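All of the numbers you see were taken from the coordinates with simple rules; none came from a lab. Just so you know, these numbers come straight off a predicted model, no measurement behind them. Virtual Cβ from ideal backbone geometry, glycine too; neighbours counted across all protein chains shown.
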Amino acid sequence: MNNRYAAAVATGLALASFALVYTFLGDGILQDGAVPEGREHRAALAIRDDVTPFQKWGTMLFTLRYLTRHYDHAWYFTQSRKGDKKEAFLAALDHALRRYRAVDLFLLAHTNQYVDWVKSLPDDHRRRLRLVYNTGCHNLPQGRHWLDLGAKIYVGHPGESTSPVFYFYFLRRWTHGDSIRKAVEESNILAWRKFRQVEAATFGRLNAESFVRESWASCRGDNHLRVEDFPE
């Protein structure tokens, strides 16, 4: 009985924490907005690295509610150790690239080299790779490598990023139909404003300018693309 009670309390606290974060970050975009055209022609894959169970749960819960609504099919992988899920991830990605006109990747991990995994796939399959978003610290320079592999857009962060705040705004805007340029620009600004609020609440202990220096996301590639576009 005590174990059940503890589990119930833990679950309740986790849900309450998620609700508080969601309320704090809220930006007025509703989950039940219209789905942009072409859903049947696009797929998405996301991979989460080995972090705490709460982080894994929260990332999956938030991500899948948008990917499953706005894409015909979405694959989600959670690693239990470094290098885990490689074969399954590549098999799903190769299937998606052969089946769909556009495939988006969400690399929800610390500093990473998933780009080395994708190099092994055939060149003619990779041409359908559209968006690659990478939360990893110092992974912005990977953009040129992803574009060389066939991706049309790459979004990344320059330094020791606090990417989850940016990602909250970015995923919502991209899936609702904003151009990649607009989604990145607005998400940067909204995340920076939240950091300004935290800076004021902590009497300057958190420096909001560090967000601009370390986390300010940039886009490489065709910054006019939207989720409903299918570049050849």
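Looking at region 163-232, the trypsin sites (Lys or Arg not before Pro) that sit in a DSSP loop and have at most 12 other Cβ atoms within 10 Å of their own Cβ are ARG205.
Taking a straight Cα-Cα cut-off under 20 Å and skipping sequence neighbours fewer than 8 places away in the same chain, the lysines within cross-link reach of LYS152 are LYS119, LYS182.
If you take every residue apart from PRO141 with its C-beta less than 13 Å away from the C-beta of PRO141, what net charge results, scoring Lys and Arg +1 and Asp and Glu -1?
Numbers: positive: ARG144, ARG220; negative: ASP148.
My count for the surroundings of PRO141 gives +1.
For ASP72, what is the net charge nearby, where nearby means another residue's Cβ is under 13 Å from its Cβ and Lys, Arg count +1, Asp, Glu -1? Before the final figure, lay out the partial values.
Values: positive: ARG39, ARG42, ARG69, ARG99, ARG101; negative: GLU37, GLU40, ASP104, GLU228.
Summing Lys and Arg as +1 and Asp and Glu as -1 gives +1.
The magnitude of the dipole of region 39-221, with charges of +1 and -1 set on the Cβ of Lys/Arg and Asp/Glu and taken from the Cα centre, is near 420 debye. Close amide H pairs (under 5 Å, H built 1.01 Å from N) link GLY136 with ALA109, residues at least 5 positions away or on another chain. Listed by chain and number, the aspartates and glutamates whose C-alpha is less than 18 Å from the C-alpha of LYS86, apart from same-chain residues fewer than 8 away, are ASP49, ASP50, ASP94, ASP104, ASP116. Counting only residues at least eight positions apart within a chain, or on another chain, there are no aspartates and glutamates with an alpha carbon under 13 Å from that of LYS56.
Sort region 28-129 into rounded, prolate or oblate with this rule: let a ≥ b ≥ c be the square roots of the eigenvalues of the Cα gyration tensor; rounded if a/c is under 1.5, and if a/c is not under 1.5, prolate when a/b is larger than b/c, oblate otherwise. Present the calculation step by step, with values, prior to reporting the outcome.
Working: a/c = 2.38, a/b = 1.05, b/c = 2.26.
Taking the square roots of the gyration eigenvalues as a ≥ b ≥ c, region 28-129 is oblate.
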